[in-house]
1. Confirm whether LYS75 is out of contact with any helix residue (DSSP H, G or I) (no Cβ under 7 Å at 6 or more places or on another chain), in a loop (DSSP other than H, G, I, E, B), open to solvent by 50 Å² or more (accessible area, probe 1.4 Å) and modelled with pLDDT of 95 or more.
2. Of the residues that make up segment 110-133, is at least one without any contact (Cβ under 8 Å) to a residue 60 or more places away in the chain, open to solvent by 60 Å² or more (accessible area, probe 1.4 Å), among the polar types (S, T, N, Q) and assigned to a loop (DSSP other than H, G, I, E, B)?
3. Could you go through segment 82-95 and let me know if any residue there is in a helix (DSSP H, G or I), open to solvent by 20 Å² or more (accessible area, probe 1.4 Å), charged (D, E, K, R) and without any contact (Cβ under 8 Å) to a residue 40 or more places away in the chain.
4. Taking segment 51-69 only, how many residues are within 16 Å of MET95 (Cβ to Cβ) and surrounded by 14 or more Cβ atoms within 10 Å (Cβ to Cβ)?
5. For ILE170, indicate whether it is in contact with a strand residue (DSSP E or B) (Cβ under 8 Å, 6 or more places away or on another chain) and either of a type in the set (Lys, Arg) or open to solvent by 30 Å² or more (accessible area, probe 1.4 Å) (or both).
6. Output the number of residues of segment 1-17 satisfying the condition of being farther than 13 Å from PRO85 by Cα and within 19 Å of the chain's Cα centre (by Cα).
7. Can you tell me which residue in segment 69-87 is farthest from ILE32 (Cα to Cα), limited to those that are of a type outside the set (D, E, K, R) and touching a Phe, Trp or Tyr at 6+ places or on another chain (Cβ under 6 Å)?
8. Output the residues belonging to segment 183-222 that are of a type in the set (Val, Ile, Thr), in a strand (DSSP E or B), open to solvent by 20 Å² or more (accessible area, probe 1.4 Å) and touching a residue at least 60 places away in the same chain (Cβ under 8 Å).
Amino acid sequence: MKKVYFIGAGPGDPELITVKGKRIVEEADVIIYAGSLVPREVIECHKEGAKVYNSVTMNLDEVMEVTIKAQKNAKLVARVHTGDPSIYGAIREQMDILDEYGIEYEVIPGVSSFVAAAAAIKKEFTLPDVSQTIICTRLEGRTSVPEAESLESLASHKCSMAIFLSVQMIDEVVKRLLKHYDKTTPIAIVQRATWDDQKIIMGTLENIAQKVKDEKITKTAQILVGNFIGDKYSKSKLYDKTFSHEFRKGIKE
């Protein structure tokens, strides 16, 4: 029997799907893709005769009915998610159902929007003497957030943060971040990272909310915050000419 593949399509640019992910899409008999966030161009490479479903109009039961029926008929199924499916991808509930039916599946990782957003602003999350930790989180909405993971609690670490699914509540985001971050802390909003209509807004916690409102950004945007966006940091030891490691002997000065 053929597997079901959960594929990370990447953040938007059709060229950012992995080679393996694209190959499976090309080979698949049935493709179910998240059409609200995955560009149609990502799956246009499908073979002739492949059945394509847009999951934006489907509920979980309908998605799984199509998946299980196809697999039982020896069809290869590609379930195509935006970004990386392990981050806010709702794949666990699908995999558990497949487990109940004894259906084999595989997850193919993809480029998440938070790393695509960092690439868009040309910054590095982990800078020596600035931050060595990245927190990926969101504000509570229809999906709750555990109390111990409240934004203000996580902000107390003052590390690099990527905040998903929350730009529509930018005032609340800023309010909570200001409980620990200084008002001059740099922040970036990246809407539709890697898409042709990508939009970037740079600012500080003091002025970003108004900038977001002026640009009328209410969805599909990453919020990146932290001093990694600034210009002060120490150089890495990795390429320091005086630093020795397994593959290189450092030069004494």
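The values are calculated or read from the model by the stated rules, or taken from the named source; none is laboratory data. The model shown is predicted, which means the values in this text are computed figures rather than measured ones. Note that each Cβ is placed from the backbone with ideal geometry, even for glycine, and that neighbours are counted across all protein chains shown. The protein model used for the area step is the full one, side chains on, heavy atoms only, and it has no ligands, DNA or RNA in it. Shrake-Rupley method; radii C 1.70, N 1.55, O 1.52, S 1.80 Å.
1. Values: out of contact with any helix residue (DSSP H, G or I) (no Cβ under 7 Å at 6 or more places or on another chain): yes; in a loop (DSSP other than H, G, I, E, B): yes; open to solvent by 50 Å² or more (accessible area, probe 1.4 Å): yes; modelled with pLDDT of 95 or more: yes.
When the stated conditions are applied, LYS75 passes them.
2. There is at least one residue in segment 110-133 that is without any contact (Cβ under 8 Å) to a residue 60 or more places away in the chain, open to solvent by 60 Å² or more (accessible area, probe 1.4 Å), among the polar types (S, T, N, Q) and assigned to a loop (DSSP other than H, G, I, E, B).
3. Filtering segment 82-95 down to residues in a helix (DSSP H, G or I) leaves 92-95.
Of the ones still in play, those that are also open to solvent by 20 Å² or more (accessible area, probe 1.4 Å) are 92-93, 95.
Of the ones still in play, those that are also charged (D, E, K, R) are 92-93.
Next, from what is left, pick out any that are without any contact (Cβ under 8 Å) to a residue 40 or more places away in the chain: 92-93.
Yes: one or more hits.
4. Number of matching residues: 6.
5. Working: in contact with a strand residue (DSSP E or B) (Cβ under 8 Å, 6 or more places away or on another chain): yes; either of a type in the set (Lys, Arg) or open to solvent by 30 Å² or more (accessible area, probe 1.4 Å) (or both): no.
No, not satisfied.
6. Residues of segment 1-17 that are farther than 13 Å from PRO85 by Cα, as a first pass: 1-4, 12-16.
Adding the requirement that they be within 19 Å of the chain's Cα centre (by Cα) leaves 12-16.
The qualifying residues number 5.
7. We begin by selecting, within segment 69-87, every residue of a type outside the set (D, E, K, R); these are 70-71, 73-74, 76-78, 80-83, 85-87.
Of the ones still in play, those that are also touching a Phe, Trp or Tyr at 6+ places or on another chain (Cβ under 6 Å) are 78, 80, 85.
Values: ALA78: 6, VAL80: 6, PRO85: 13 Å.
Filtering segment 69-87 for residues that are of a type outside the set (D, E, K, R) and touching a Phe, Trp or Tyr at 6+ places or on another chain (Cβ under 6 Å), the one farthest from ILE32 (Cα to Cα) comes out as PRO85.
8. ILE200
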